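Structure, as structure tokens:
The values are calculated or read from the model by the stated rules, or taken from the named source; none is laboratory data. In this text the structure is predicted, and so the values were computed from the model without any measurement. Note that we place each Cβ from the backbone using ideal geometry, even for glycine, and neighbour counts take in every protein chain shown. Accessible surface areas use protein heavy atoms only, side chains included; no ligands, DNA or RNA. Shrake-Rupley method; radii C 1.70, N 1.55, O 1.52, S 1.80 Å.
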Amino acid sequence: MAKLPTISIAKNTLPKKGTLVFLVEKDGQLPKTAKALDTSGQLQRAVDLSDFSGASKSVVTLVAPDGVFDKWIVLGCGEVSEAGEADWMKLGGKVNSTTKKSELVTIIGELGEKGSKLEAVSFAAMAAGAKMAAYDFDQYKTKSKKPAPTKSRKLVFAHDDTAAVRREWKRLDSVSDGVLLARDLVNLPPNVLTPVEFAKQAKDLEKLGVKVEILGDKELKKLKMGALLGVAQGSEQPARMAIMKWDGGKAKEQPIAFVGKGVIFDTGGISLKPGGGMEDMKGDMGGAAAVTGLMHALASRKAKVNVIGIIGIVENMPDGNAYRPGDILTSMSGQTIEIINTDAEGRLVLADALWYCHTRFKPKFMINLATLTGAILVALGKNYAGLFSNNDELAENIYAAGLTTDEKVWRMPLDKEFDKMIDSKFADMKNTGGRYGGSSTAGQFLQRYVEDTPWAHLDIAGTAMGSPKHEFNQSWGSGYGVRLLDRLVSDFYE
Ligand code: BES
Ligand code: MN
Ligand code: ZN
């Protein structure tokens with residue numbers, strides 16, 4: 001990961017040097033500190049002459065006429081009363097991109113003539129946006145043309161109510177760290193992020209107070225996870241499962257649980273994928289990455305809730321020992337699965353992970369994340385994750401968290417009609433249901449492994465990787481799901 005700027009929260013007093021960023025609403029009025037500094041009227045003149053109207057993310061830059069500061073930057077924040085968390089994060093991203101060459105940047109946390117209209121939570125979201133925007137997965141670019149950052153950049157967010165901004169920042173800083181961890185995991189190449197290495201990264205969360213168990217081949221076999229192991233058997237890389245526990249709630253409180261698909265690379269197996277674009281399948285562990293990033297975020301901000309995170313980590317390869325179409329696997333639940341297509345492997349990994357999760361932990365609810373189907377890209381594109389659920393309240397809560405964070409979801413149907421499509425001639429079910437309704441038949445398959453546990457499945461094949469870049473995400477691996485689920489937890493279950 002590229003070196004991130006240092007971010008600090010400070011009292012709203014002016015520094016003696018560096019770049020200043022002023023925030024302006026839709027009315028275009030400069031805040032009071034800017035007006036006081038602008039004794040020559042040059043800043044006001046620049047704003048007037050550039051037709052600046054305060055529209056969101058519009059910028060006016062001026063070499064500071066006072067000779068004290070380097071630059072004065074005016075950043076439009078648009079209609080502030082309508083701006084949500086993600087809008088402020090985008091503005092933070094804009095702060096980052098317009099000040100890349102400045103070593104010291106002070107963002108003056110004032111809005112309006114009285115300077116009092118900027119809420120602490122909005123300002124903290126801006127800081128988080130700047131941090132996430134600065135993320136760049138460049139560690140393998142040994143000949144990068146970008147000049148190496150010799151000195152570290154410092155972004156100072158100055159606000160009158162430092163205590164309130166610090167409180168919000170502590171939370172959002174933790175969440176950003178979780179997002180960046182998830183991005184790193186998705187971006188890492190599969191020869192580096194093997195299942196063993198992924199499990200090690202999960203184990204690393206112990207430094208935050210998470211309890212982590214790693215299950216290896218022997219344990220998985222003993223637990224009879226025949227579906228997950230069926231996928232793994234065609235790879236030289238042994239399978240792993242990581243079980244992460246964060247006990248931030250009351251001792252006897254029933255936990256909530258998150259389960260992730262962690263296919264570190266998906267060749268399709270014997271039902272081999274076409275070559276074009278196959279490299280993208282290094283991101284087929286985006287669900288597991290989101291769960292790991294979420295656990296990082298929750299532990300780091302000491303969320304007051306008991307949480308289980310489980311990730312099934314395998315590689316789907318076509319070697320001489322690989323599972324084949326026609327094979328019948330017996331999952332941990334005892335249900336048997338006829339393999340029609342070895343490329344429908346994610347649901348097999350999740351079948352055992354979900355079953356293990358709800359039988360061992362009896363969670364209040366279970367949410368799984370998976371880059372599960374290409375069909376969800378056809379249905380919803382790259383900005384919405386597919387949401388499938390057996391529980392309306394849980395689904396509505398996730399939907400609401402999606403609106404707050406702008407990590408959007410759209411509910412898709414589950415139905416007994418889809419169940420019929422995965423009935424098998426030879427076993428309890430088959431692992432694909434044909435061309436039509438591919439995302440729903442996959443969801444229906446998963447539902448056979450959750451019994452009565454309130455459950456939701458997020459198909460993040462479109463959103464976890466290669467989704468459209470924006471002000472605070474310039475990365476291929478987006479870290480989708482971490483902010484969404486952190487918000488779900490904090491708004492509804494803490
Ligand atoms: N990992 C893929 C789904 C995927 C596709 C993720 C594109 C991200 C981008 C999954 O394992 C898969 O191969 N699904 C098949 C299922 C089919 C064989 C029933 C698919 O979507 O084609
Ligand atoms: Mn596949
Ligand atoms: Zn896959």
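Quick look at the numbers
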read-out	value
Any chance Asp184 is of a type in the set (D, E, K, R) and assigned by TED's automatic domain parsing to the domain that holds Val212	yes
From Lys101, Lys26, Lys94, Lys32, residue being out of contact with any Gly (no Cβ under 6 Å at 6 or more places or on another chain) and surrounded by fewer than 18 Cβ atoms within 10 Å (Cβ to Cβ)	Lys101
Residue satisfying condition, being within 15 Å of ligand 1 (Cβ to nearest atom), open to solvent by 10 Å² or more (accessible area, probe 1.4 Å) and at negative phi, within set Asp284, Asp280	Asp280
Meets criteria (in contact (Cβ under 8 Å) with a residue 40 or more places away in the chain and under 22 Å from Ala322 (Cβ atoms)) for Ser235	yes
Some residue of the stretch 247-257 being buried (at least 24 other Cβ atoms within 10 Å of the Cβ) and within 16 Å of ligand 2 (Cβ to nearest atom)	no
Residue in the stretch 330-338 that is on the phi < 0 side of the Ramachandran plot, within 16 Å of ligand 2 (Cβ to nearest atom) and assigned by TED's automatic domain parsing to the domain that holds Lys200 present	yes
The one condition in (1) open to solvent by 40 Å² or more (accessible area, probe 1.4 Å); (2) touching a helix residue (DSSP H, G or I) at 6+ places or on another chain (Cβ under 9 Å); (3) assigned to a loop (DSSP other than H, G, I, E, B) that Asn321 fails to fulfil	(2)
Condition met for Gly433 (closer than 15 Å to Ala375 by Cβ, out of contact with any strand residue (DSSP E or B) (no Cβ under 9 Å at 6 or more places or on another chain) and either at pLDDT 95 or above or not aliphatic (A, V, I, L, M) (or both))	yes
Gly78 being assigned to a helix (DSSP H, G or I) and closer than 27 Å to Lys408 by Cβ	no
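Matching residues to (1) part of a strand (DSSP E or B); (2) within 11 Å of ligand 3 (Cβ to nearest atom); (3) of a type in the set (Gly, Ala, Ser):
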site	(1), (2), (3)
Lys261	yes, yes, no
Gly269	no, yes, yes
Met281	no, yes, no
Ala289	no, no, yes
Gly309	yes, no, yes
